[in-house]
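Enquirer: The following block contains the structure, expressed as structure tokens.
The values are calculated or read from the model by the stated rules, or taken from the named source; none is laboratory data. Quick caveat: nothing in here was measured; it's all calculated off a predicted structure. Don't worry about glycine lacking a Cβ; one is built from the backbone with ideal geometry, like all the others, and counts go over all protein chains shown.
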Amino acid sequence: MPLPQPEDLADRIKALEQAVRDLKSSITNQSGLTSASQGWVLGNMGVPSVAPGTVQIGCNGGQFYAAEAGGVVKRMYPQMSKVTMVDFDLGNAPATYSSTYAQQQSVGIDRLYDAVVGILGALTGSGRMSTF
């Protein structure tokens, strides 16, 4: 059913001009998908299927991602905390048993263990790994 139109031709032109102004206004006043006045802001969206040879970036569940063709999704997690690596010298084993050497080996292994636990903690803390 057509919308009612004014009878007078001049009134019809005025109504059409107003309709065009309203349409232009509604198009130009729509917010975009992103904004960048204070950095890029991406709205949450589903991960789309991506055409071959293209990549789409977006936000899903509050996580930044890049989606590639074939359903490959690469999540971009926050930077993990710094892990201090250990530096020690195992040295050469003595010709006979030495409690000092054995103690050095034990301390070295403990320091390596602590470094691995630190790495695992940093990975879980940054969301790159769920549990260990």
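Enquirer: Report yes if some residue within segment 10-17 is of a type in the set (G, A, S), in a strand (DSSP E or B), outside the structural domain of T124 (by TED's automatic domain parsing) and at pLDDT 80 or above; otherwise report no. I'd like the intermediate steps shown before the answer.
Expert: Of all residues in segment 10-17, those of a type in the set (G, A, S) come to 10, 15.
From the residues that got through so far, the ones that are in a strand (DSSP E or B) too are none.
No, that holds for no residue.
Enquirer: Give me the pairs, please: first residue somewhere in segment 115-132 and of a type in the set (D, E, K, R) and modelled with pLDDT under 75, second residue anywhere and in a loop (DSSP other than H, G, I, E, B) and surrounded by 12 or more Cβ atoms within 10 Å (Cβ to Cβ), beta-carbon distance under 7 Å, and either six or more positions apart or on two chains.
Expert: R128/Y77; R128/M80
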